[in-house]
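Reviewing the structure listed below.
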Amino acid sequence: MANARPACKQVAPSESKLRKKIMTAHVTMYSTGVCPYCTMAERLLTAKGIANIEKIRIDLDPAQRVAMMEKTGRRTVPQIYVGDTHVGGFDDLNALERAGKLDALLQAA
């Protein structure tokens with residue numbers, strides 16, 4: 001009995017920690033079907049609780065590619081918008097996440 005340990009109290013995680021928060025920010029992503037950075041961006045946004053991402057496949061619609069280039073001034077995908085704010089590509093999105101600024105942007109949109 002000398003080595004008996006006191007009983008550990010098990011604490012259930014709070015319900016808010018168990019439930020993934022769903023964000024309703026409107027996110028638009030210009031992408032292609034074989035773009036690994038598009039996939040990584042989608043995974044990051046999904047992990048942040050974004051339920052719906054409007055994906056515009058520029059490989060299927062050349063007019064959308066032209067529209068993307070005119071709107072963003074860039075040719076590469078993904079090109080991501082949160083609301084009306086042009087975030088840029090995956091590297092830009094990930095930089096916002098690392099800097100702790102992505103949540104605020106998603107909540108404000």
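A short reminder: the numbers here are calculations on the coordinates, not readings from a lab. It should be emphasised that the depicted structure is a prediction, and the values quoted were computed from it without experimental measurement. No Cβ is skipped: glycine too gets one built from the backbone with ideal geometry, and neighbour counts run over all protein chains shown.
Side notes on the structure shown:
- Per-pair calculated FRET efficiency, R0 = 25 Å: E70 and A99 via Cβ, rounded to 0.05: 0.30
- Cross-link reach list, aspartates and glutamates versus K55, counting only Cα pairs under 20 Å and skipping chain neighbours closer than eight places: E42, E70, D84, D91, D92
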